[in-house]
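One structure is given here, and the rest of the page talks about it.
The values are calculated or read from the model by the stated rules, or taken from the named source; none is laboratory data. Since this is a predicted model, take the numbers as computed values, not measurements. Quick reminder, even Gly has a Cβ in these numbers, built from the backbone with ideal geometry, and neighbours come from all protein chains shown.
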Amino acid sequence: MSIGAGVPRDRAKRLLGGRGRFVDDISMPRLLHLAFVRSPYAHARIEAIDCLAARALKGVVAVLTAAEISDAVASWRAEHKLFPTMAAPEQFALATDVVRWQGEAVAAVVAESRAVAEDGAELVAVAWAELPAVVDAKDALAPDAPRLHDHMDGNLAYTAEIAAGDTKAAFERAGHVAEEHFRFHRHTGVSLEPRGIIAEFEPSEDRLTVHQSHQTPHQQQDLYARLLGLPEHKVRVICPDVGGAFGLKHHLMADELVACVAAKLLARPIKYIADRLESFLADVHCRDHEVTARMAFSASGDILAIEVDDLFNAGAYGQYPRTSIAEGNQISRLTGAPYGHEHYRANLTMAFLNKSILGHIRSVGHPIACAVAERLIDLGAAKLGLDPIELRRRNYLHGDDFPRTSVGGIEFEYLSLRDCLDKALAMFDVPRFREKQAALRAKGVYQGLGIATFVELTAIGPEYYGEGGQHISAQETCQIRLEASGLVRCYTGATDQGQGIDTGVQQVVAATLGVPLEAVEVVSGDSALCPVGGGSWGSRGAALAGEAALRAAATLRRNVLSIAASLLQKDPADLDIRAGWVMEAATTHMSVAEIARIGHFQPYSIPDGIAADLTVVERYASKDRLFLAGNGIQLATIEVDVDSGIVTPLRHLVVHDCGRILNPMLVREQIRGGVVQGIGSALYEELRYDNGGHLLTGSFADYLVPMAGEMPDIDVAHIETPTATSQLGVKGAGEAGTAGAVGAILNAVNDAIAPLDATIAEVPVTPPRLLKALGRI
Amino acid sequence: MKTRRIALTVNGETVEREVPVRQNLVDFLRHDLGFTGSHVGCEQGACGACTVVLDDQTVRGCLVLAVQADGATVETIEGVQLDDLRAAFHRLNALQCGFCTPGMLLSARELLRDNPNPSRQQIRDYLSGNFCRCTGYQAIVDAVETVALERLP
Ligand code: FES
Ligand code: FES
């Protein structure tokens, strides 16, 4: 049985040999390279662009500005019909008259090499008239703030409130109230491989072929077809090896679109690879929320109500095509989701301001929703004089509470919160840690323990983007082909950026069909070959593409068995396929390869009326529910150096329930990678800007990422509660690590500094912030 | 554009090329010689994706100019024998996207050459010049530790 086995990934072998094929590894005849002229200002009017010197440079083939490309490419607006009042200003591939963030592209230089293209970009002279910039959401919403978009009254992009019950009354009768003002700073995905694209255009056929480091080939195919006015079946998007994505690579990026436009205009292949500075400046960013929240408790410790006010921003525009609303929306729906309170109110307000656009990066909204609620519980426990662990257990949704639609409007089939907590406590001896902690404190060493319970939203249903009007598939289709040799090719719409969905699908197909793992090859990441699907984001691959694969493999199995039964004159119900052989109890009859041979080359041996298709297609969408919710708990211990303000992670453990597990090794490694990203955003990672909107952290020297030396070992354990909504029973697992790590670390830091009468509610918890919280600076 | 002729040994083969003097070693290896196993993640010496071996020492291929490698011996991931490390990385899933992996392997190889029996923290510290965004590092540390133990007599 290959499902549930920790099998290693086939693709990894090639990568280990240094034989990966990432976009920048691909070359083609007459390839040209693109470099951009980007705005040095956060907000400025473009008075004039002088391209003469650049055009005259040897090796430069073309210099493109908005004027040169406007006939060749359409503009767009990030609209979403479920949020009809959300402002969606028009955006162009290259800025037309005004730039609205530092790093926005205004011109593209096409040249024989990247180096020459960069030389050319330096020769483009732009006359700028700097405009006042707004860099903070609160300032952006002030009545006299400079406006980003002239046609708007101000910079308010969207505001909404969701409410259940009566929070006002609940807070009035509360025995205790915990309240905090949080700041979660801006960061980004930082895939090690930057974004990259090669676009080729064949004018005689109107055909655009794109190789792109991306998560969603079909979404890109649709977008490039519509924006460039090409028939969709003439656009092909291939995602070769992708060097990390984390949500960074499932949007439309203006610079990548310009590469397609340039290919069309010049009829030569165009390569664009973002450099690291461009990545920090112009990739989609995430977080950047200011949250005020409070939690009401009864005198005995029941959570009565939660109120959350989230102020955030979209950056300069809404992200296309998904919009920038999701992070606030998730926070407003998820905060306190593990608990049983009946009164809830959440307000979200999104502003436009002069920074790069906010998109969907791993674990959208989750880390904030989790950290806010989990911090309030710890604060509440202190007020109530209760053990924070017991306070959680007491308030967890459990048993008969399910199924339930949460006060935030999310369907919970079942959450195994108490089981996860019990398992975590079995793995980590809290009383012993407390003893050691007390002894160390006496010596001036400050360690802390933090716990965070999280709910993880995975495998989005089709209604969100379907009703929103986006051309984004939440349905997965799987095509399986039994080749004449008896080997199997499986085409999926999910894509693999290293998380291993190819292997997961391979395991499902092999197990369901009854053939060895090596008999199955999975093909993904090609919009022309693979069935229309959503790609990989939001932890959807295993749950949706896995289920589609199971259904297709079951159909193929049925067909193989019907052919075998007809040839053998047996009842198909008495036959089985095991290890590539058709069996009847312990008797081996014939191989799947033999059936494939007959099915393809001697079809006349199979009577009409038998289902004999050896290429089958099935599909799956998780209809009528917005998400499949998983859950888990993280426990972190850290040490604070109160003199330097440095926080050192010590131990980290995760107990997680993502339903049935296809491959425990790959799930574990997803979680570990996610935890480290979460620790990064809790302690190090921050896109800092000055008051004029200039990025201060444009290199790895200033934007710190977690490296091996400072990261802890991370224990991962599971509770398996299969979802009954699919046959496979899988939920997603990619958000979990990041979802809970920030909350666990923030609580651990506060636990460590509690005896010093200090608290902190701003992440990343950098040394200066912590020293300030401690009153040392 | 100023160029200069260089001659060097790359993965056992002698190569001679005219290169722009401003071209860095990793771009030369990738784009002129087609050794695309060395990657580029920052061009600032910070991420380690471009790690190659120059005269028996790992270097950042983005911080060395191609002309500086004139007369030198260069090894890239395509040219090194690392069967046990590769097998352990594969078995333990010590890579996800694989973009950092060539650099990680070359750094790990050098560590085990200089310190055949490193502690976990020594492994972590040694690999701290190689950024990995996907794995969280633990599986990489496990793989290097496993190989160190396997290699001990
Ligand atoms: S590319 Fe050389 S260290 Fe990052
Ligand atoms: S495996 Fe992706 S960066 Fe290391």
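General observations
- A:Lys81, sole failed condition from (1) away from every other protein chain (no Cβ under 14 Å); (2) over 30 Å from A:Leu148 (Cα atoms); (3) of a type in the set (Lys, Arg): (2)
- Close contacts from region B:80-95, counting a first residue that is more than 8 Å from every other protein chain (Cβ to nearest Cβ) and over 20 Å from B:Gly12 (Cα atoms) and a second that is more than 14 Å from ligand 2 (Cβ to nearest atom) and of a type in the set (Gly, Ala, Ser), with Cβ to Cβ under 9 Å and a gap of 6+ residues or different chains, come to B:Ala94/B:Ala88.
- Between A:Val616, A:Val592, the distinction of being crowded, with 18+ Cβ neighbours inside 10 Å, at pLDDT 95 or above and under 30 Å from A:Ala474 (Cβ atoms) belongs to A:Val616 only.
- Only one of the listed residues (A:Phe246, A:Phe201) is within 16 Å of ligand 2 (Cβ to nearest atom) and either of a type outside the set (Gly, Ala, Ser) or at pLDDT below 95 (or both). That residue is A:Phe246.
- Taking region A:627-720 and the strands (runs of 3 or more DSSP E) fully enclosed by it, the elements with 3 or more residues that are more than 10 Å from every other protein chain (Cβ to nearest Cβ) are at A:628-640, A:647-657.
- Residues being surrounded by fewer than 19 Cβ atoms within 10 Å (Cβ to Cβ) and not polar (S, T, N, Q) - total across region A:93-122: 6
- For B:Glu145, the stated conditions hold: it is outside the structural domain of B:Gly61 (by TED's automatic domain parsing), farther than 20 Å from A:Ser213 by Cβ and more than 16 Å from ligand 1 (Cβ to nearest atom).
- B:Gly136 vs. criteria within 16 Å of ligand 1 (Cβ to nearest atom), facing another protein chain (nearest Cβ under 7 Å) and either β-branched (Val, Ile, Thr) or under 26 Å from A:Pro664 (Cβ atoms) (or both): no
- Residues in region A:12-30 that are out of contact with any Gly (no Cβ under 7 Å at 6 or more places or on another chain), more than 8 Å from every other protein chain (Cβ to nearest Cβ) and crowded, with 16+ Cβ neighbours inside 10 Å: A:Ile26 alone.
- When residues of region B:101-141 are limited to those that are more than 16 Å from the chain's Cα centre (by Cα), assigned to a helix (DSSP H, G or I) and more than 10 Å from ligand 2 (Cβ to nearest atom), the one surrounded by the fewest Cβ atoms within 10 Å (Cβ to Cβ): B:Gln121
- Counting only residues that are at pLDDT below 95 and closer than 30 Å to A:Ser473 by Cα, region A:599-613 holds 2 of them.
- In summary, A:Arg268 fulfils each of the numbered conditions (1) away from chain B (no Cβ under 14 Å); (2) in contact with a helix residue (DSSP H, G or I) (Cβ under 8 Å, 6 or more places away or on another chain); (3) within 30 Å of B:Gly41 (Cα to Cα) with the single exception of condition (2).
- Restricting region B:70-79 to residues that are assigned to a loop (DSSP other than H, G, I, E, B) and away from chain A (no Cβ under 13 Å), the residue that is nearest to B:Phe131 (Cα to Cα): B:Ala72
- Residue check for B:Val52: within 16 Å of ligand 1 (Cβ to nearest atom), under 16 Å from the mean Cα position of the chain (by Cα), among the β-branched types (Val, Ile, Thr) and on the phi < 0 side of the Ramachandran plot: yes
- Filter result (more than 16 Å from ligand 1 (Cβ to nearest atom) and of a type in the set (Phe, Trp, Tyr)) within region B:74-133: B:Phe89
- In the condition set (1) more than 7 Å from every other protein chain (Cβ to nearest Cβ); (2) within 22 Å of A:Pro649 (Cβ to Cβ); (3) touching a helix residue (DSSP H, G or I) at 6+ places or on another chain (Cβ under 8 Å), B:Asp125 is compliant with all but (1).
- Residues of region A:365-406 classified as outside any strand (DSSP E or B) and among the hydroxyl-bearing types (Ser, Thr, Tyr), total: 1
- Subset of region A:272-289 (residues that are more than 11 Å from every other protein chain (Cβ to nearest Cβ) and over 20 Å from A:Gln319 (Cα atoms)): A:Tyr272
- When region B:17-49 is filtered for residues that are touching a residue at least 12 places away in the same chain (Cβ under 8 Å), more than 16 Å from A:Arg114 (Cβ to Cβ) and away from ligand 1 (no atom under 15 Å from the Cβ), the ones remaining, listed by number, are B:Arg17, B:Glu18, B:Val21, B:Leu33.
- Here is the figure for region B:36-69: residues that are within 14 Å of ligand 2 (Cβ to nearest atom), more than 10 Å from every other protein chain (Cβ to nearest Cβ) and farther than 21 Å from B:Pro20 by Cβ total 1.
- Boolean, B:Thr14 is assigned to a strand (DSSP E or B) and within 14 Å of ligand 1 (Cβ to nearest atom): no
- Residue among A:Phe201, A:Phe246, A:Phe184, A:Phe171 that is more than 29 Å from the chain's Cα centre (by Cα) and surrounded by 23 or more Cβ atoms within 10 Å (Cβ to Cβ): A:Phe201
- Scope region A:104-135; condition within 22 Å of A:Tyr689 (Cβ to Cβ), assigned to a loop (DSSP other than H, G, I, E, B) and more than 31 Å from the chain's Cα centre (by Cα); matching residues: A:Leu131, A:Pro132
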